[in-house]
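Bear in mind that the values in this text are calculations on the coordinates, not laboratory data. Note that the structure is predicted; figures quoted are calculated from it, not measured. Note: ideal-geometry Cβ built from the backbone for every residue, glycine included; neighbour counts use all protein chains shown.
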Amino acid sequence: MSTPPLKRWDTAIVLGIVLLWLAATAWMRPLMHPDEGRYATVAWEMLRSGDWLTPTLDGMPFFHKPPLFYWITAAALWLLGPIEIAARTASLLGASLGAIALYLFTRRWCGLLLARRSLLVLLVLPMYFAAAQFANLDMLVAGCITATILALADAALCFEQGCSYRRMLWLAYALAGLGLLAKGLIGFVIPAMVIGLWVLLRWRWRTLWALVSVPGLMLLLVITAPWFIAMQQRFDGFLHYFFVVQHFQRFAATGFNNVQPWWFYPAVLALCSFPAVLWLRRMLTRDYFTTTDTPGAVRLLMGLSVGCVLLFFSIPQSKLLGYILPALPALAWLIADASYLAVETTARKQRWVITLAVSALVGLIAVIGLSIDKKHSSKPLGVALRAHYQTGQSVYILKDYLYAVPFYARLQQPVFDVDDWNDPEIARRDTWRKEIADAGSFAPALAKRLLLFPQALPAALCHGGVAWVVGAEDAIKDYPFLAQVQVITTNNRQVVWRVDPAQHTQFVALGCPRGSLAGHGSAQ
């Protein structure tokens, strides 16, 4: 399909509109516990330490995920300061990348009107809008996966029509490399699955071979290999942990985290795209996916993009909402295309406008609602701690690592984590304890100092001067001395205590031996 040439500033204007819409409410709410706090704090530690190679959680190497999100976020924190919108920059960029890739691809192969329509649908889908403002890795890798699929498809269609395609093909491999650095192997496994099936179902064997590029593979390795090699050289066993444990074993694990039935993702996708999903009825016609022209090929591509993502992530028993974000751009395209093909009547135009308005409103209400609801944030604790904390003082967190506290408190050193670190349940569930324990396995000396057992806490406080304890209100049952300690703030049944063993009542309550204040240890 012929399309008018791109104007000089067309892409820049569209991208600006996309960013403005997605970022308009990204500053409104505090970081949520646990995901947003975890990833923002890892980026904060990267910035404060100056070590941009090794992601750390509480000062210890954190290899659950690769570093691209942390690099982007740390750069945003350096540029804008430690504020919420900076912590969400990587997600905003990932969402914008997916949106602009969908727009440009559709404009080239299906026309300007459908490009605008599909972009508009995508931007008002409540799940896409909200996820673009949520600081975790899912939207960043979703944007990379979407852009990779569309770049590969663009190269394939160009090859089939006899026009230049290699630059777009190389771009696709580069985007796959970024996807791998964003969240791991899914960055190129899912695009390879979608494009492979798409090409084979259309019986384009020559296209399949044309998409295999040695220069592209070399470019992918140049982007990804240096970090993996550097980490393996620094930390023995890194590659096994990252690929075998965090990829294959987690994928195959049963009951590891958030177990859901096989139909979970289809139900979520339908619910989170309602009412726009109702326009997909046009897809049920016999010839929707079988036409042999370019629009038909694109329809098949988008259908496979949704289907492969749903199938791939429905196989494991453990399912998280963010995993299906790569399906949303293709779903938005299908909704836009199906509604575009419907007979345009005044009533249908009105229903279409209402659909978009309702979708946008639902997304805005969700974000605003989370901004009002402070139950899932530990920001007040971190802010209160920052107001009283002095450099060199130690911070102890009891039984629940409140990830955002170090971020909001602007802590310049690791905290002490107090729990039963011999509990066999730690290795069986994907919780903060497992994350901290896994990180400690790559820095055993530091872990031995930072991971305290409950019985060691009073003695540590006796020898540390003024210190801070963060924990649940009912921690007093396990640590009676806290009843004699000053409470700085309370939020969501979590408390910040100021411990000063120089005060006689606290000295006695802690059971400090005489002369114990002579040494002042810290976590530095």
Using θ = phi - 60° and the Karplus relation 6.51 cos²θ - 1.76 cosθ + 1.60, list the HN-Hα couplings for the stretch 448-460 in order, rounded to whole Hz, with x at every Gly or Pro. 4, 7, 8, 8, 9, 8, x, 5, 8, 5, x, 5, 5
Just the number: Rg to Rh for the stretch 288-355, Cα atoms, Kirkwood Rh, two decimals. 1.09
Mind listing the phi-derived Karplus ³J(HN,Hα) values for the stretch 351-358, rounded to whole Hz, using 6.51, -1.76 and 1.60 with θ = phi - 60°, and x for any glycine or proline? 5, 5, 4, 5, 4, 5, 5, 5
For the stretch 379-518, what mean projected area does the convex hull of the alpha carbons give, in nm²? 8.5
Could you list the trypsin sites (Lys or Arg not before Pro) in the stretch 424-454 that lie in coil according to DSSP, counting only those with at most 14 other Cβ atoms within 10 Å of their Cβ? Arg429
Between 0 and 90°, nearest 10: helix 137-160 axis offset from the chain longest Cα axis: 20
Long-range amide H partners of Val499, meaning residues 5 or more apart or on another chain whose placed amide H is closer than 5 Å, are Ala467, Trp468, Val469
Could you tell me how many degrees, from 0 to 90 and to the nearest 10, lie between the Cα long axis of helix 35-49 and the main elongation axis, the longest principal axis, of the Cα atoms of the chain? 70
When you count, for each residue, the other Cβ atoms within 10 Å and take the mean per peptide, how do 409-420, 200-211 rank with the highest first? 409-420, 200-211
Over 29 Å (Cα to Cα) among Lys183/Lys349; Lys448/Lys477; Lys319/Lys375; Lys379/Lys434; Lys319/Lys349; Lys183/Lys379 -> Lys183/Lys349; Lys319/Lys349
Value of [θ]222 nm, deg cm²/dmol, for the chain, DSSP H segments ≥ 4, -39500 (n - 2.57) each, nearest 500: -17500 deg cm²/dmol
In Å, the Kirkwood hydrodynamic radius from C-alpha pairs for the stretch 94-197 sits at 13.9
Measuring from the longest principal axis of the C-alpha atoms of the chain, the long axis of helix 432-441 (C-alpha) lies at a number of degrees, nearest 10, equal to 80
Return the Rg/Rh value of the chain, two decimal places, where both radii are evaluated on C-alpha atoms and Rh is the Kirkwood radius. 1.03
State the dimensionless ratio Rg/Rh of the stretch 381-461 (Rg: radius of gyration of Cα atoms; Rh: Kirkwood radius). 0.97
So, over other residues within a Cβ distance under 12 Å of Gly471, counting Lys, Arg +1 and Asp, Glu -1, the net charge is -3
